[in-house]
Amino acid sequence: MLPAPAPALTQAELLRLDDFLHSEACGRDAMGLSHAHGFLTALASGPEAMEPSEWLRLVFDEPVFRDGAQAEDMLGLAMRLYAEIERSLAQPDAFRPVLEFVRGGRGDLVMDATAWCQGYRAGMTLYQELWVRHADQALTTWLAPIHALARSTGPASDPNHRQLCAELPHAVQAIHRYWRAQAAHAAEHPESADDTVA
């Protein structure tokens, strides 16, 4: 009997993880929650898997934990977040990026995907050669909203920004399906080893 998957993080747990990532316990290059979620999504949906010990180090930037209990708590939250991303990517219409909320021009809260998309692009750079090698028309099209939002300098309340935010879930799941298809093809045709993905 397979163990039950860990539950999705609650809003309180997400906020607790974000607070720790912004605390002095983490290094100066530690990621905020939205940036980390984008980064981990790129790893979970991209061409190659990365060992948790490697991406945890990059997310927290060499943290100094108060004690073993805090280390277990924070690292456990990050591991559950990654597992949740993997599960949602594999389920139709289940994936939702964890975006920041900022004040719009009228004082209302609006979604801002800039940090999330910058995190996604940071994850891409770890396997940049594979992303570039496989950059066909479909992949380029699906990546377009991520690149546009990562470079965004306009207000998050701009209608174009909101439209691109709405396109993100579909684009990210399409990218995930693309890389899984590439991996399946590589497994069926090992003779093309120089183009394989894990």
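Things to note:
- Pairs of Cα atoms nearer than 8 Å and 6+ residues apart set the relative contact order; for the chain it is 25 percent.
- For ARG28, net neighbour charge (Lys/Arg +1, Asp/Glu -1) across residues whose Cβ lies under 13 Å away: -4
- Going from the residue with the fewest nearby Cβ atoms within 10 Å to the one with the most, THR141, THR114 rank THR141, THR114.
- When the chain is treated as a GNM with alpha-carbon contacts under 10 Å, the residue of GLY32, GLY68, GLY123 showing the greatest mean-square fluctuation is GLY68.
- Cleavage-rule hits (chymotrypsin sites (Phe, Trp or Tyr not before Pro)) in the stretch 30-73: DSSP loop, at most 16 neighbouring Cβ within 10 angstrom: PHE65
- The local environment of PRO7, defined by Cβ-Cβ distances under 9 Å, has a net charge of 0 under the rule Lys, Arg +1 and Asp, Glu -1.
- For the pair ARG180 and ARG57 in one chain, pulling the backbone fully straight at 0.36 nm per residue adds 41.7 nm over the alpha carbon distance.
- Per the Debye calculation on the chain with a single equal scatterer at every Cα and no solvent contribution, log₁₀ I(q)/I(0) for q = 0.10, 0.13 Å⁻¹ amounts to -0.44, -0.74.
- FRET efficiency, 1/(1 + (r/R0)^6) with R0 25 Å, evaluated for ALA187 and ASP136 via beta carbons: 0.80
- Most mobile listed residue (SER34, SER53, SER88) in the chain, GNM with C-alpha springs under 10 Å: SER53
A short reminder: the numbers here are calculations on the coordinates, not readings from a lab. Everything numeric in this text was worked out from a predicted model, so none of it was measured. Methodologically, a virtual Cβ is constructed for each residue, glycine included, from the backbone with ideal geometry; neighbour enumeration extends over all protein chains shown.
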